[in-house]
1. Read through the list (1) of a type in the set (A, V, I, L, M, F, W, C); (2) touching a strand residue (DSSP E or B) at 6+ places or on another chain (Cβ under 8 Å); (3) at pLDDT below 85, then give the number of the only condition that Ile53 fails.
2. Which of the numbered conditions does Pro350 fail, given that it passes all the others? Conditions: (1) closer than 30 Å to Glu131 by Cα; (2) buried (at least 20 other Cβ atoms within 10 Å of the Cβ).
3. Could you say whether any residue in the range 436-457 is surrounded by fewer than 13 Cβ atoms within 10 Å (Cβ to Cβ) and in contact with a helix residue (DSSP H, G or I) (Cβ under 6 Å, 6 or more places away or on another chain)?
4. Among the residues of the range 464-476, are any within 24 Å of the chain's Cα centre (by Cα) and charged (D, E, K, R)?
5. For the subset of the range 504-520 comprising residues that are of a type outside the set (Ser, Thr, Tyr) and in contact (Cβ under 8 Å) with a residue 40 or more places away in the chain, which member is surrounded by the fewest Cβ atoms within 10 Å (Cβ to Cβ)?
6. Which number in (1) among the hydroxyl-bearing types (Ser, Thr, Tyr); (2) in contact (Cβ under 8 Å) with a residue 24 or more places away in the chain; (3) part of a helix (DSSP H, G or I) marks the one condition that Ser445 misses?
7. How many residues does the range 208-223 hold that are over 16 Å from the mean Cα position of the chain (by Cα) and in a loop (DSSP other than H, G, I, E, B)?
8. Would you mention how many residues in the range 471-503 are surrounded by 14 or more Cβ atoms within 10 Å (Cβ to Cβ) and either over 26 Å from Ser223 (Cβ atoms) or aromatic (Phe, Trp, Tyr) (or both)?
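The values are calculated or read from the model by the stated rules, or taken from the named source; none is laboratory data. Quick caveat: nothing in here was measured; it's all calculated off a predicted structure. Every residue, glycine as well, gets a Cβ built from its backbone with ideal geometry; the counts of neighbours run over all protein chains shown.
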Amino acid sequence: MKFIVGTKLDEELLSPEKISYEYNVDQLNFLERIDPTSEKSNKYWSNWPILYILRQAQCVDASKKKIAKKRAHKPFAYIGQTTGGLRRMEEHRKSEDKQMFTMVNFIYSKEFNQSVTFDYESKLIQLFSAEGTYALTNGNSGLQDKDYYNKEYYDQGFYALWTRLLDDKIVSKTMNEIRNSDFYKYSPYKSLNAYQELAANAILSAIEAQTKEPIVINGMPGSGKTIIAIYMFKLLRDRCVEKHDMTTKMALVIPQVSLRTTLKKLFKGIYNLSPSDVIGPSELVKNHYDIVFVDEAHRLRQRKNIVNYKAHKNNNEVLHLDENATELDWVLATVDTPVLFFDADQTIGPSGLGESNFYETLESRCHRPLQRFELKTQMRVRAGDTYLTYIKEILDGKATHKKEVQNYEFKLVEAYSTFNELLNIKERDTGLARMLAGFAWKWISKKDKQQVDIIIDGIGRQWNTTPTDWVNSESSINEIGSIHCIQGYDLNYGFVILGPDIKYDVEKKCIYADKNKYFDVNGKKSATPEELTQYIKNIYYVLMTRGIKGTYLYVCDDDLKTYLKKYVDVI
């Protein structure tokens, strides 16, 4: 792939000695360094697809608009593509929003066409937004992930381009490092698939029509519910900034403390967003909102088997609701247009809102029309929707034969020592390999940090020592994560222990839960045997759908292991 980063044109476009040339955007005097009358110059700068990166040399307050947030800890950047470099730079030079930039880098090649520059622009925006050196001022609409002629060749060229940006110290992280980060996975700069676009357009149409009606987005694990929530939040906030709208009040509600903490960190580094935009359900009581996106709405709680009954009751009183009102009721009482992302198969305990409870609440409390959309394609697991359906069939006893899971490592490991060895190999090779389990062992290390919680075949481990961003903590590779610290997160490989809380009844030919081996007190109190079995199957369904590249299983119950061997390859 022949390209150069900079503004100097010559015949040796692949020369490794070339460096990135930086110029003041206001002066636009780079043409003095080449022959401005040459035919080649006119072609590249006047009528040829090129990319450019506008940057700040140092941190400067980017905008006087009150709604825009200061990012004093990092400089700003803007990424674009054009077929008229000179004209575009002149337009930017006159733009108030671009006055902050002092440098520009051009990326060009005689092999570029517009499909390539659109593709590279999208890739650069997605990577820069998560890489962390700069805060991007780009909007997030119009990003493309389209196929085009010879795309594999240009994909290789992009990898070389990113290596060049690393060498020139414009960026500091490799593509693999970025793609393993939560900042990349949850970035609002994402290309949406067809189903996501339909949902996003429907959300936007309903909001712009000011119908003030609830919108429900259903989707299986990995279908991009969180991605759409963050994407839409950024899109709408940018539109408010453009319109100088200081009145529209928005929030992103995240029920899980761990994921909420991660997204607060993400929002801190995104132009026009703030950590205060990400809140828990109880914070809804303090304000009235125009638009709220509720991710993982199945984790909204009812007043059942929760830790702090008094706080829940107080919030109901503040909102003039009856004492049995749920956190979903809080949303409906405080938000004009709630957008709820829901998956009944991820309800993991009595405090959560099951499907019937969720929709009954909407119908009885809301008295407003309900719009529903479904995300039908999952984007996390490489094996696709087929794998998720297969997992459900196995857990529900509906699988009839072993299916080939393509492009995915789905294995049952006989020896726990081998299970541990494979975990460390995958962590070394790809990163983001973590061991997970159902709550089938007491959490004694919570009170005594020296204790070991889980011992299998003489190998001891503790439960996750932090509930906050455990996946990225330094000690996580040596610990076992519970459902509460992993729901909503992605891994490259999930190593899932099916503990003694889940078993197989040979006579009845079904999977069931062993209440005596399940140690989440609030998770089983008041649950019937049938309900508990469904909750625990849902937990393992979530755990077994975290891995992008593969899922490895270790099974404690011998009968369950024998059952699973019929459907999963054994090593």
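1. Among (1) of a type in the set (A, V, I, L, M, F, W, C); (2) touching a strand residue (DSSP E or B) at 6+ places or on another chain (Cβ under 8 Å); (3) at pLDDT below 85, the lone unmet condition for Ile53 is (3).
2. Against the list (1) closer than 30 Å to Glu131 by Cα; (2) buried (at least 20 other Cβ atoms within 10 Å of the Cβ), Pro350 comes up short only on (1).
3. yes
4. yes
5. Restricting attention to the range 504-520, the residues satisfying the condition of being of a type outside the set (Ser, Thr, Tyr) are 505-511, 513-517, 519-520.
Then keep just the ones that are in contact (Cβ under 8 Å) with a residue 40 or more places away in the chain; that gives 505-506, 509-511, 517, 519-520.
On the way: Asp505: 13, Val506: 11, Lys509: 9, Cys510: 13, Ile511: 23, Lys517: 18, Phe519: 16, Asp520: 21.
Ranking the qualifying residues of the range 504-520, first place goes to Lys509.
6. Looking at each condition in turn, Ser445 falls short on (2).
7. Looking only at that region, the number is 6.
8. Summing the residues that are surrounded by 14 or more Cβ atoms within 10 Å (Cβ to Cβ) and either over 26 Å from Ser223 (Cβ atoms) or aromatic (Phe, Trp, Tyr) (or both) in the range 471-503 gives 11.
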